[in-house]
Amino acid sequence: MSLPDLASNLPLSLQEFQYDLPDDRIARFPLAQRDASRLLVYQQGQIRHAGFRELAQFVPADSFLIFNNTKVIPARLLFHKPTGALIELFLLSPVAADGRDTPPPMLEAMEQTGSSVWQCMIGNRKRWKPDETLQTTLQAPDGPVKLTVGYVDYERSVVEFSWQPATEPFAHIIHLAGQIPLPPYLKRDVTDADRDTYQTIYSRNEGAVAAPTAGLHFTDAVFASLTERGIGHDYLTLHVGAGTFQPIKTDDPRQHTMHAEQVVYTRQNLENIRQHLDRLLPVGTTSMRSLESLYWFGVKLLRQEPNPFQLDQHMAYAIPPNEQPTAAESVEAMLRYMDTHHTDTVVAHTSIYITPGYQMKMCRGIITNFHQPGSTLILLIAALVGNNWRTIYKEALDNEYRFLSYGDSSLLLP
């Protein structure tokens, strides 16, 4: 079907980004086969319906796909006090031991032994006083592990985890103690199966508290079909934070405070991106945010700004278009930084907020699931396809697509 040519200058009122999502359209469990999901293809005003296994037929042949290989950690930890009160700790981000504002690299935090400091969301907080510690004994293959948690900064909900024996890395401790944190809108308890199904098959670097769900549909067979058509790909890492589920509570969504997430770029990422500029197709909103953030990190380097690898939500709208470098210039600036500093990896933190009015710098489209009404992710989709997002979503609802994390997929090529 053909879509009407609608103006792209949407008024930024939150109401404009709402739609009616019936509860029975939310996919609470995944399909038995990952690539059995449906695929809505939007390309230059046309909509077609297909199966996800047919993805390679619709991806432009010269595309280069960018995946997010973060791995979801068991970020929900439950502790019972002697009184019977249940305290829930939800890991948000590691905190540097020396008090620096910038969190340490997630890989470093996962490898810490003996103790680790984290900012958390704390459930039933009023039952856990500042001078109290929480304790539990975990059953590990090599014997019991005693885990203790105490406040470091009560007001900021910063806590220290410590354990004995101290030889185990923090990643092992949370796998013994924690649960996979399913999105709250699924409104169900986690199952053992979720530990596998809520991970992409290519997940590698631990640190996310939510999955990059656009990648959940990919299988070895889908990758093989892409390779057969000569469509290449690469993996970068953005550790998805809990802020991805934070609702917008302001009438003007521009007033929403965007969360920060840690993203890791390698020299190989940058060389692949440089080679395939104008052909980059991100798999998921986190990959899109990583690619678009990369451009602005390069801009900060070119402008010799302080803290070049911390990106706030406003910068992308603060520099006039005639003062913005090309994508190639920005990527080259990142590579020069790596050369100058003799490093093959950059760890950065992005709060980029992609809303209507934002002009994509790196991405030609997106492969993504169907997102919550009135969410920051709907705003991102509207920035890419304009007002046509409404027609796309109506078409998906009318054709009984499954929505949200475990739902169906779309390929959007404006």
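The values are calculated or read from the model by the stated rules, or taken from the named source; none is laboratory data. What you are looking at is a predicted structure, and each value in this text was computed from that prediction instead of being measured. Heads up, the Cβs are rebuilt from the backbone with ideal geometry, glycines too, and the neighbour counts pull from every protein chain shown. Surface areas here come from the heavy atoms of the whole protein model, side chains and all, with no ligands, DNA or RNA. Shrake-Rupley method; radii C 1.70, N 1.55, O 1.52, S 1.80 Å.
For residue 82, state whether it is closer than 30 Å to residue 259 by Cβ, part of a loop (DSSP other than H, G, I, E, B) and not hydroxyl-bearing (Ser, Thr, Tyr).
The answer is no for residue 82.
Looking at (1) closer than 24 Å to residue 67 by Cβ; (2) open to solvent by 20 Å² or more (accessible area, probe 1.4 Å); (3) in contact (Cβ under 8 Å) with a residue 12 or more places away in the chain, find the lone condition where residue 198 falls short.
The failed condition is (2).
Filter segment 150-176 down to the residues that are out of contact with any helix residue (DSSP H, G or I) (no Cβ under 8 Å at 6 or more places or on another chain) and hydroxyl-bearing (Ser, Thr, Tyr), then identify the one that is most open to solvent (accessible area, probe 1.4 Å).
For segment 150-176, the residue satisfying everything is 167.
Please identify the pairs in which a residue from segment 30-46 that is assigned to a helix (DSSP H, G or I) has its Cβ atom under 6 Å from the Cβ atom of a residue that is buried (at least 19 other Cβ atoms within 10 Å of the Cβ), counting only partners at least 6 apart or on another chain.
From residues that are assigned to a helix (DSSP H, G or I), the pairs are 34/217; 35/52; 35/217.
Could you grab me the full set of residues in segment 330-361 that are open to solvent by 10 Å² or more (accessible area, probe 1.4 Å), in contact with a helix residue (DSSP H, G or I) (Cβ under 8 Å, 6 or more places away or on another chain) and assigned to a strand (DSSP E or B)?
345
One line per residue, one yes/no per condition, for (1) open to solvent by 60 Å² or more (accessible area, probe 1.4 Å); (2) over 17 Å from residue 52 (Cα atoms); (3) in contact with a Pro (Cβ under 6 Å, 6 or more places away or on another chain); (4) of a type in the set (Asp, Glu):
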position: 186; (1), (2), (3), (4): no, yes, no, no
position: 211; (1), (2), (3), (4): no, yes, no, no
position: 215; (1), (2), (3), (4): no, no, no, no
position: 227; (1), (2), (3), (4): yes, no, no, no
position: 239; (1), (2), (3), (4): no, yes, no, no
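List the number of the failed condition for residue 138; all other conditions in (1) hydrophobic (A, V, I, L, M, F, W, C); (2) open to solvent by 20 Å² or more (accessible area, probe 1.4 Å); (3) over 29 Å from residue 21 (Cβ atoms); (4) in a strand (DSSP E or B) hold.
For residue 138, the exception is condition (2).
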